[in-house]
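Nothing in this text is a laboratory measurement; each read-out follows from the coordinates by a stated rule. No experiment lies behind these values; they were computed from the predicted model shown. All Cβ positions, even for glycine, are placed from backbone atoms using ideal geometry, and neighbour counts span all protein chains on display.
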Amino acid sequence: MNDRNQHFLDIAHGEQSLVDSDPQETAEWRDALLSLVDAVGRDRAHFILDMLATLGQHPSIGWKPLRGTPYVNTIPVDRQPHFPGDLAMEERLGSIVRWNALAMVVRANKAYGELGGHIASYASAADLFEVGFNHFFRARTDSFGGDLVFYQAHSAPGVYARAFLEGRLEERDLAHYRQEITANKAGARGLCSYPHPWLMPDFWQFPTGSMGIGPISSIYQARFMRYLQHRGLLNTEGRKVWGVFGDGEMDEPESMSALTLAARERLDNLVWVVNCNLQRLDGPVRGNGRIMDELEELFAGAGWNVIKLAWGSDWDGLFARDTIGALIQAFSNTVDGQFQTFAAKDGRYNREHFFGQNEALASLAQGLTDEQIDRLKRGGHDLVKIYAAYDAATRHRGQPTVILAQTKKGFGMGDAGQGKMTTHQQKKLDRDDLISFRNRFQLPLTDEQTEALHFFKPAEDSDEMRYLHARREALGGYVPSRSIKAPPLKVPALADYARFAIEADGKEMSTTMGFVRMLSNLLRDKTLAPRLVPIVADEARTFGMANLFKQIGIYSSVGQHYEPEDIGSILSYREALDGQILEEGISEAGAISSWVAAATSYSVHGLPMLPFYIYYSMFGFQRIGDLIWAAADQRARGFLLGATAGRTTLGGEGLQHQDGGSLVTASMVPNCRAYDPAFAGEFAVILDHGMRSMLENQEDVFFYVTLMNENYPQPSLPEGAAEGIIRGLYLYGASQLAEAGEKVRLVGSGAILREVIAAADLLSHDWNIEAEIWSATSFSELAREARAVERWNRLNPEEEPRQSYVGCALSGETPVIVATDYVRAWPQLIAPYVDARLTVLGTDGFGRSDTRSALRSFFEVDRHHIVLAALESLARSGRINPTLCKEAIERYGIAVDPKAPWEC
Ligand SMILES: Cc1ncc(C[n+]2csc(CCOP(=O)(O)OP(=O)(O)O)c2C)c(N)n1
Ligand SMILES: [Mg+2]
């Protein structure tokens, strides 16, 4: 065997080189393959190799394929398409964008050192973005829905800098990067740090600032486009979802968790570009390994089409001359920590330490000057190679594609940053660094202009600007761009689908059952029905939704290729191409991402959809709170239903399942309207209000509503209760006394309202105390309004003070006792706005398994504790004899445990 063959064998087997017992035979096999490629082409060779691989994997042979490929470009030079752009022009434009992005960050930090910002990430990703902007990212037009693009968050400066050239942002806007509040006063547009649709609603579509959220969202957006297509709601054919993400970001569980879904669903409308600059914030992503190789194996294993883009065109000649595979061998021995050092060092160092490793390498570098070695580009900095990768990605069918693009972090920042450990946070450059950056990218700026960080924009009639606009015109317009308007959607009358709940008349059911019945009814409304998107994460049966399986079907991009075991049943598990339910399996992160895709469809596709994601409330805000926060940022509209809610209402399930906090977390999301209804009728009113707010009035809000699994008699709603239900509090009733006594106000929410009602009975029968019964559907809504009133009063000291709704409803001195199935912090949201003495009972502590009544007694939220709290409040305010409290403790057998429930 000659040297060359031995090298290829070594490479093929990585470090564990095999002994070749019959080189002659090996050569014959090898030649046979190569001549097959020559004679009939790659496709036939692939077929034969696939056939051999299948054969080889038979247990009798037991061959296992090697994973991964050499550290070179997947697309060989001879398969590169013609680059359709004006290369020099695009490079010039790219340089200008680079400069303005850098100047923007450095200027902001010169003015205010505290603002932060990033240069190095965009510096590494600039070419990846530019090729997208010039050739691939298509805008929405009247006749085409457009592509969806997820931009790596900390590369935002580059996206702003391009929008500036495009005339979509002004110089004064750039001068207010990260000064969103100051900008408004200066008549400029504040540019937010990262993509935030909430802050720039006509610009950014998708929030990506929290790592991992962009990747998972992009997968479910791509999948939702298929759902819309398959359900016949919208033609999404040909549209792509692009995501540019960081290599460090790939370590987030969210980034990785839906890879197999994307492959299983054959999402060839999805292209990820992972910017492998080999560094994250603190240091190398895989100092002692190679992230590109690791990701290649991971993605390929998950079923993605992987395109490695490791080296730029300058390397083509070197590879061509490298007949013995010395480069591939050297790369396979180099880890990323070392590649990073090579990026940080100059040509001379690289000649000595990379090309100097052996004679073969040294001879390859012989014709190159140090300067040329220094300028050897990695693949992700070469417009032609990037174009080739993107082009191949868009043509690939049947799989999502990931492009692993090798770059240098801080590319072009020279000694100030390129490849430096500290480059991620570098935001100050001194004069020399700026001048060398200008020289490096040949910017037409004087020394003075450079030092003064002048923004640069060529004249409107220059070739550059004409080219820039022409490219965008050809791609349908400018991106990123978010559409604000959506056609309103008519909501049916409440009585049409929820009369059974409003006039329940004591029928027994849980609020969850009430919801499912309302949903089933809404699914009969011609206008609304197709827009409803029920979403579950493997819990439909838990919530009594199995009847929907057959009725509306479970979405499946391939229909149903099996006979379901329960085919004869009316609840049969029916998967269908036009199925409506999104059954996501056990991935709350996936299910919420689906919900977001549906909840943003009004803007992303101009097609309002109404998603209902129903889940174990414990596995919502606590588990996937950051995804919900991002949903809020992107102005999602829909319903989140926290089912099996309430720490004592979900008996049996214990500590990990019993939720006492989600409403508190929900209350902190500014555009989330959180409710805890006790009755199906209350839920119906909230549902109606929510649908009208989001679908008819186009408000950028979403609703979080808890649902319980406890069956109890459901009352008809009192006349005129609707307004109070929406505002968060209404008078449900009052106990009647034969002779007048002391009085309290009892406020209950969720399932605990029933304990409150029972307590009112006990108070009147056992203690001759009158009680008003208030149902609190939302402490956060009450607090929100009261907060606004309080603020208005403070800022308008000379005006007649206003009164808050809750302050008014509970005005006077009558003691107020509130009981909830959540932690005390939830009702305490209203504490500052209630003048009367306020006692709050809640379920602070770890949950545990037992019956509802045992749990309510343990957490001290049952009727007896409510009575005791009422007596205590009256006693402390001197209205009754304190001995009554002791009497109550004895009468009801209340355990006086020295340890509080939250201590044990
Ligand atoms: C969830 C989350 N954790 C941490 C951060 C802070 N952070 C911002 S960028 C960054 C490093 C990103 O590295 P990489 O993904 O490789 O991107 P690069 O800048 O190298 O392109 C970190 C840790 C964040 N934004 N989100
Ligand atoms: Mg990185």
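Separation of region 559-625 from region 494-556 is 14 Å, based on Cα centroids. The calculated P(r) of region 89-208, using every Cα pair and 5 Å bins from 0, goes 2, 11, 21, 25, 21, 12, 6, 2, 0, 0 in percent.
Going from the fewest other Cβ atoms within 10 Å to the most, the residues Val402, Val516, Val834 appear in the order Val834, Val516, Val402.
Pairwise Cα distances in region 274-413 exceed 28 Å in 18 percent of cases.
Mind jotting down the distance between the C-alpha centroids of region 833-851 and region 267-322, whole Å? Result: 53 Å between the Cα centres. From most to least packed by mean Cβ count within 10 Å, the peptides 478-484, 501-507, 727-733 give 727-733, 478-484, 501-507.
Reported to the nearest whole Å, the Cα centre-to-centre distance from region 153-192 to region 700-773 is 52.
With the largest listed first and rounded to whole Å, the semi-axes of the equivalent ellipsoid of region 489-642 from the Cα gyration tensor are 22, 21, 17. Considered as an equivalent ellipsoid built on the Cα gyration tensor, region 731-903 has semi-axes of 28, 20, 14 Å, the largest given first. Packing-based ranking of 290-297, 48-55 yields 290-297, 48-55, ordered from highest to lowest mean Cβ neighbour count within 10 Å.
Quote the FRET efficiency, to the nearest 0.05, computed for Asp463 versus Asp538 with a Förster distance R0 of 45 Å and r equal to the Cβ-Cβ distance. The formula returns an efficiency of 0.20 here. Computed over region 561-682, the P(r) curve from all C-alpha pair distances, binned at 10 Å from the origin, holds 12, 36, 32, 17, 3 percent per bin. Amide H contacts of Tyr675: Tyr704, Val705, Thr706, each under 5 Å away and 5 or more positions distant or on a separate chain (H built 1.01 Å from N in the peptide plane; Pro and chain starts excluded). For the chain, DSSP calls about 15 percent of its internal beta bridges antiparallel. Computed from Cα positions, the angle between helix 383-395 and the longest principal axis of the chain comes to roughly 60 degrees. Basic side chains Lys and Arg get +1 at the Cβ, acidic Asp and Glu get -1 at the Cβ, and with that the dipole of the chain about its Cα centre reaches some 1140 debye.
Seen through its C-alpha gyration tensor, with square-root eigenvalues sorted a ≥ b ≥ c, region 14-166 comes out prolate because a/c lies at 1.5 or above while a/b is bigger than b/c. Potential lengthening of the chain between Glu565 and Asn358 amounts to 68.0 nm, from the contour at 0.36 nm per residue minus the alpha-carbon distance. Shown is the FRET efficiency for Trp902 and Arg876, computed with R0 = 25 Å from the Cβ-Cβ distance and rounded to the nearest 0.05: 0.65. Each 5 Å bin from zero holds the following percent of Cα-Cα pairs in region 363-514: 1, 6, 8, 9, 11, 13, 11, 8, 5, 4, 4, 4, 5, 5, 3, 2, 1, 0, 0. Run through every distinct alpha carbon pair of region 194-254 and return the Kirkwood hydrodynamic radius in angstroms, one decimal place. Across region 194-254, the inverse of the average 1/r is 13.0 Å.
Which percent, to the nearest 5, of DSSP beta bridges fully inside region 731-903 are antiparallel? Percentage antiparallel, nearest 5: 20. Ranked for footprinting exposure by Cβ neighbours inside 10 Å, fewest first, Met609, Met518 give Met518, Met609.
Compactness of region 849-890 was expressed as the Cα radius of gyration divided by 2.2 N^0.38 Å, which yields 1.32. Over the C-alpha atoms of region 314-367, the Rg to Rh ratio, Rh being the Kirkwood estimate, stands at 0.94. When Rg and the Kirkwood Rh are both derived from Cα coordinates, the Rg/Rh ratio for region 225-334 amounts to 1.07. When Thr843, Thr600, Thr883, Thr69 are arranged by Cβ crowding within 10 Å, least crowded first, meaning fewest neighbours, the order is Thr883, Thr69, Thr600, Thr843. Distance distribution note for the chain: the fraction of Cα pairs above 35 angstrom is 59%. Applying Stokes-Einstein at 20 °C and 1.002 mPa s to the Kirkwood radius of region 79-122, computed over alpha-carbon pairs, gives a translational diffusion coefficient of 172 µm² s⁻¹.
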